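**Q** Okay, here's the structure, questions in a sec.
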Amino acid sequence: MGMAAERPLYVLGFNRDKNEVIVGFEEECQNTGLIAGDLNWSAISGITEPIECEAKIRSSQQPTAVRVLPLYAEHIEVKFLVPQKAIAPGQSVVLYNKNTILGSGIIQKS
């Protein structure tokens, strides 16, 4: 049995090899970026150089400013100007230019 934490704990990740849940405090949930794959471009055919736009990782959130960089083999890196809470692999990230959806992807790593 472990000891109780002095503050609420949040799930930060999983170690599947050891069947462990990794937990931490709220401030450890903040991330400034993510890597996404399984890209689905809508209004554009993709990117070959960095772009600035907005992104959402939850349907209920307001879009937030990001810089998006092309990576290897159909992956992108999304850098948030304001850290975001609880970015998790498996979630979608949707990229916007005003009210136009540029594209989306599945978060691989935060």
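The values are calculated or read from the model by the stated rules, or taken from the named source; none is laboratory data. Treat the numbers as computed from the prediction; the structure is a model and nothing was measured. Heads up, the Cβs are rebuilt from the backbone with ideal geometry, glycines too, and the neighbour counts pull from every protein chain shown. To get the accessible areas, we keep the full protein, side chains included, count just its heavy atoms, and leave off ligands, DNA and RNA. Shrake-Rupley method; radii C 1.70, N 1.55, O 1.52, S 1.80 Å.
**Q** If you average the sequence gap of Cα pairs under 8 Å that are 6 or more apart and divide by the length of the range 1-108, what percent do you get for the contact order?
**A** 29
**Q** For the range 9-108, run through the chymotrypsin sites (Phe, Trp or Tyr not before Pro) and keep only the ones in DSSP coil with at most 16 other Cβ atoms within 10 Å of their Cβ.
**A** Details: sites: Tyr10, Phe14, Phe25, Trp41, Tyr72, Phe80, Tyr96; in loops: Phe25, Tyr72.
Sites meeting the loop and neighbour criteria: Phe25, Tyr72.
**Q** Still on this structure: Once neighbouring chains are kept in place and the probe is 1.4 Å, which whole percent of the accessible area of the chain is contributed by carbon and sulfur? Intermediate values should be presented prior to the final figure.
**A** Details: 3720 of 7460 Å².
Summing carbon and sulfur atoms, their accessible area is 50 percent of the total for the chain.
**Q** With every protein chain present, what is the per residue accessible area of the chain (1.4 Å probe, Å²)? Kindly include the intermediate steps, with their values, before the conclusion.
**A** On the way: 7460 Å² over 110 residues.
Per-residue value: 68 Å².
**Q** Within the chain, how many Lys pairs sit with Cα atoms under 24 Å apart, leaving out pairs fewer than 8 places apart on the same chain?
**A** For the chain, the number of qualifying lysine pairs is 9.
**Q** Just to be sure I understand, if you calculate semi-axes √(5λ) of the Cα gyration tensor in Å for this structure, which of (i) 34, 13, 9; (ii) 30, 16, 11; (iii) 36, 17, 14 do you get?
**A** So the structure-derived entry is (ii).
**Q** Suppose we take every Cα in the range 67-107 and form the convex hull; what volume per residue is that in Å³?
**A** Numbers: hull volume 3.5 nm³, N = 41.
It comes to 86 Å³ per residue, whole-number rounded.
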